[in-house]
Structures are given as C-alpha cells and as structure tokens.
1. When you scan the stretch 202-237, how many residues do you find that are of a type in the set (A, V, I, L, M, F, W, C), at pLDDT below 95 and touching a Lys or Arg at 6+ places or on another chain (Cβ under 7 Å)?
2. Kindly provide the set of residues from the stretch 1-31 that are of a type in the set (A, V, I, L, M, F, W, C), assigned to a strand (DSSP E or B), loosely packed, with under 10 Cβ neighbours inside 10 Å and touching an Asp or Glu at 6+ places or on another chain (Cβ under 8 Å), ordered by number.
3. Is there a residue in the stretch 215-230 that is acidic (Asp, Glu), within 25 Å of Val6 (Cα to Cα) and touching a residue at least 40 places away in the same chain (Cβ under 8 Å)?
4. Of these, Gly17, Gly71, Gly43, Gly65, which one is at pLDDT below 90 and under 16 Å from Asp194 (Cα atoms)?
5. Which one is nearest to Arg218 (Cα to Cα), of the residues in the stretch 240-278 that are of a type in the set (S, T, N, Q) and either in contact with a helix residue (DSSP H, G or I) (Cβ under 7 Å, 6 or more places away or on another chain) or in contact (Cβ under 8 Å) with a residue 40 or more places away in the chain (or both)?
6. Pairs only if they're at least six apart or on different chains, beta carbon under 7 angstrom, first in the stretch 66-89 and outside any strand (DSSP E or B), second among the basic types (Lys, Arg); list them, first residue then second.
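The values are calculated or read from the model by the stated rules, or taken from the named source; none is laboratory data. Please read all numbers here as calculations on a predicted model, not as lab measurements. Cβ coordinates were reconstructed from backbone atoms using ideal geometry, including for glycine residues, and neighbour counts include every protein chain displayed.
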Amino acid sequence: MAQSSVSSLSIKKVNAGNVADSDDLLAVEEPLEIRLKYHGPSGPVEQNISITMRTPGNDPELAVGFLFTEGILKKFSDVVSVSQNSLDGNIVVVELNDKLDFDMKKLERHFYTSSSCGVCGKSSIEAVRTVSGFRFPVSGFTIDAALLHTLPGLLREKQNVFESTGGLHASAVFDAAGKLILLREDVGRHNALDKLIGAALENNMIPLSETILLLSGRASFELIQKASMAGIPVVAAVGAPSSLAVELARESGMTLIGFLRNERFNIYCGEERVVLQV
C-alpha cells in the first residue's frame with residue numbers, strides 16, 4: 001500500500017483571541033528499518049543495520065544512498081535488488097552482490113538515526129569520518145554569486161510538500177547555470193540528502209562533480225561528509241554551518257556557503273570557486 005507524505009488533522013486555530021476549527025496538513029514521520037542481505041561465511045544473512053525516522057517516499061533511494069554515503073556501496077551494480085515491505089512499507093531490504101567485498105566493521109556501529117541528528121549513537125568520531133574517493137580540484141568549476149542568490153527561490157518553488165506543511169527539509173543539486181537536476185524532501189535533513197544521492201547513484205550520475213548542493217536548513221558535519229562522498233564540490237545552506245562542517249569542507253577542498261538568503265551569504269571556505277561582482 002502506498003504511503004502518503006502528508007496527513008490531515010483537525011485543529012483549533014487561535015488568532016488574536018479568535019478561535020476557529022480548521023484542518024491542518026502535517027508532514028508524515030515514520031520509522032524506516034534498513035536491512036542488508038548478503039552472503040556470509042555460513043550462508044545468506046539478513047541484518048538490520050539502521051532505523052531512521054523519515055517521511056515516506058523514495059525509500060529505496062534513501063536506503064541505497066545511506067549505504068553509499070556510509071561507504072558500503074561503491075556503485076549501483078553492487079546492489080542485486082531493493083525490496084520494500086508490502087504491509088506498512090517501513091522495511092527496506094537491500095541485497096548485495098556476492099562479489100562485493102565490504103568491511104563488516106562499518107555495520108557494527110548499531111546506531112539509531114533520528115530526524116534531527118543523523119550521527120546520534122555512533123560510537124566515535126572516527127566511525128563518522130567516512131573517506132571519500134573523490135578529489136576537488138580548485139580550478140575549472142566556478143559559480144556566479146548572482147546565480148547563488150536565485151537558488152533558494154528556485155528550491156522553494158519545487159518544494160511541494162513543504163509548501164503544504166512547512167515541515168520538511170530539502171536537498172537539491174543545480175548545475176552552474178542554475179538548472180535543477182535533482183530534489184528530494186524529508187523530515188530529516190540527512191534523509192533528504194541520502195534520497196538525492198541514492199537517486200543519483202541509481203542513474204549513474206555519481207560523481208556530481210560540477211554541481212551545487214543547496215540545503216534548506218543548516219549545514220552539519222554529516223551533510224558535508226555525504227556531499228563529499230557524492231563528489232559534490234559546492235555546498236550552499238540557507239542556514240548556518242557547524243564548526244566541524246567547516247573543518248571537513250576545508251580539509252576536503254570543498255566550497256561551503258552559509259546563510260544564503262535575502263541577497264546575502266557567507267563563504268566559509270573554497271572562495272576561489274565563487275565569482276564575485278566587484
């Protein structure tokens with residue numbers, strides 16, 4: 001049964017002392033269990049590796065994107081099949097290719113990811129630092145500051161569920177001309193990006209080497225790590241970056257922009273890729 005990303009609720013609206021019955025639309029939040037199926041030394045194994053609170057929709061992309069940004073998958077052909085539980089849709093099983101050689105230690109962190117913090121429960125900062133196979137040359141790809149100012153408006157125009165609920169994060173990638181390439185929404189900012197990266201991986205678009213990633217909220221360490229894994233050189237956030245996000249972006253050779261709104265933004269690193277009007 002198909003799941004909806006929006007639910008309706010009867011509420012009371014209070015406005016300047018006036019009370020009225022009304023209907024409100026809410027972004028749906030439900031748990032998704034991601035299971036991995038592979039061949040172990042003693043035969044087939046199916047193992048639960050993560051539970052994340054997400055907005056239903058694009059769940060196979062979310063599972064594949066999560067496994068890719070965690071360093072389990074290198075390419076989409078590493079996946080044999082992706083199946084989703086048909087009862088409530090809250091379980092996704094990813095079957096791996098028998099020939100895939102992956103590190104089981106990456107699956108032994110037993111973490112629970114919530115909608116607000118994708119790295120909650122991870123045992124150490126070393127476990128968080130997934131190593132990207134991509135490098136970011138400082139020359140070649142540049143973007144105009146004037147184009148950056150247009151991106152939040154373009155994102156908002158395409159955020160269908162956000163417009164009806166006001167409750168979702170979005171991740172979107174644009175090319176240097178400002179053309180929207182991919183957009184995904186979710187109640188969890190890290191889930192939205194995993195969905196986007198999963199779609200890009202499935203469509204053989206990785207690395208996203210000449211794109212701009214726009215985040216509808218703040219830029220956390222984990223979002224920069226995921227962007228690095230996907231080969232994205234420029235990350236722009238409507239909100240603030242964290243100190244660790246700036247550190248990782250600088251170490252990775254990425255461009256990180258924050259507070260992109262109201263015709264202004266801050267460049268935290270990688271300013272050589274931004275063409276400023278003098």
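1. Looking only at that region, the number is 0.
2. Narrowing the stretch 1-31 to residues of a type in the set (A, V, I, L, M, F, W, C): 1-2, 6, 9, 11, 14, 16, 19-20, 25-28.
Restricting the remaining residues to those that are assigned to a strand (DSSP E or B) gives 6, 9, 11, 14, 19-20, 25-27.
Subsequent filtering for residues that are loosely packed, with under 10 Cβ neighbours inside 10 Å retains 9, 14, 19-20.
Once the filter is applied, which keeps residues that are of a type in the set (A, V, I, L, M, F, W, C), assigned to a strand (DSSP E or B), loosely packed, with under 10 Cβ neighbours inside 10 Å and touching an Asp or Glu at 6+ places or on another chain (Cβ under 8 Å), the stretch 1-31 yields only Leu9.
3. Applying the first criterion (acidic (Asp, Glu)) to the stretch 215-230 yields 222.
Retained after the next criterion (residues that are within 25 Å of Val6 (Cα to Cα)): none.
Scanning the stretch 215-230, I find no residue that is acidic (Asp, Glu), within 25 Å of Val6 (Cα to Cα) and touching a residue at least 40 places away in the same chain (Cβ under 8 Å), so the answer is no.
4. Matching residue, one of Gly17, Gly71, Gly43, Gly65: Gly71.
5. First, the residues of the stretch 240-278 that are of a type in the set (S, T, N, Q): 242-243, 252, 255, 262, 266, 277.
Imposing the further condition that a residue be either in contact with a helix residue (DSSP H, G or I) (Cβ under 7 Å, 6 or more places away or on another chain) or in contact (Cβ under 8 Å) with a residue 40 or more places away in the chain (or both) reduces the set to 242, 252, 255, 277.
On the way: Ser242: 8, Ser252: 19, Thr255: 15, Gln277: 26 Å.
The qualifying residue nearest to Arg218 (Cα to Cα) is Ser242.
6. From residues that are outside any strand (DSSP E or B), the pairs are Thr69/Lys226; Glu70/Lys106; Gly71/Lys106; Ile72/Lys106.
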